[in-house]
Amino acid sequence: MLSKLFAAFRANNAEDLPDPDAELALGALLVRVAMSDQNYQVEEISLIDRILTRLFQHNAIEAAKIRATCEKLHAAAPETDTFAKLIRETTGLEERLAALDALWEVVLADGDPKEDELRVLESARKAMGLSFLESKAAREKVEQAHRAIS
């Protein structure tokens, strides 16, 4: 079902985009969160690259290429919950919680979370089948990590 949906949105685009897997879906969600406030900053771009490197064991160049593909997927993309449902259907709870942590990292990267960023994150959280309490714990974990760095 998801492959039909992705094929339908890709048919309208001249570019040949890959079928998203959980990694590309998460990358597209990270890009979507970062771009949701209409202020896609270099700090957010490099953070997404670092997250892709950390979660999927890529080197910096591979991560940047994957992020660029994710930017194209985001631009041609279905709704946020389609990416999140793909993650839910193809990964276990531990990976979905790691995805939620990563989304919070991007939301909190530029200081105070923006309403648009929170809306995207909340939609993704629900579609990934994660609870409000799991999201609250992920946010606290990311905020604690930021305080430890400061």
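The values are calculated or read from the model by the stated rules, or taken from the named source; none is laboratory data. Predicted model only: the values in this text are computed from it and were never measured. FYI the Cβ positions are ideal-geometry reconstructions off the backbone, even for glycines, and counts take in every protein chain you see.
Output the residue which, of all residues in the range 96-105 that are aliphatic (A, V, I, L, M) and without any contact (Cβ under 8 Å) to a residue 60 or more places away in the chain, is surrounded by the most Cβ atoms within 10 Å (Cβ to Cβ). Here the answer is L100.
Could you check, for the range 106-120, whether at least one of its residues is closer than 24 Å to D21 by Cα, free of Cβ contacts under 8 Å to residues at least 60 places away in the same chain and over 16 Å from the mean Cα position of the chain (by Cα)? Outline the logic, then answer.
Within the range 106-120, the subset closer than 24 Å to D21 by Cα is 106-107, 117-120.
If we keep only those that are free of Cβ contacts under 8 Å to residues at least 60 places away in the same chain too, we end up with 118.
Restricting the remaining residues to those that are over 16 Å from the mean Cα position of the chain (by Cα) gives none.
Looking for residues that are closer than 24 Å to D21 by Cα, free of Cβ contacts under 8 Å to residues at least 60 places away in the same chain and over 16 Å from the mean Cα position of the chain (by Cα), one finds none in the range 106-120, hence no.
Hey, among the residues in the range 102-150 that are in a loop (DSSP other than H, G, I, E, B) and more than 17 Å from L26 (Cα to Cα), which one's modelled with the lowest pLDDT? Of everything passing the filter in the range 102-150, S150 is modelled with the lowest pLDDT.
For the subset of the range 126-137 comprising residues that are touching a Lys or Arg at 6+ places or on another chain (Cβ under 9 Å) and touching a residue at least 24 places away in the same chain (Cβ under 8 Å), which member is surrounded by the most Cβ atoms within 10 Å (Cβ to Cβ)? The qualifying residue surrounded by the most Cβ atoms within 10 Å (Cβ to Cβ) is M128.
Go through the range 110-125 and report how many residues are farther than 18 Å from E44 by Cα and either surrounded by fewer than 17 Cβ atoms within 10 Å (Cβ to Cβ) or hydroxyl-bearing (S, T, Y) (or both). Total satisfying the criteria: 2.
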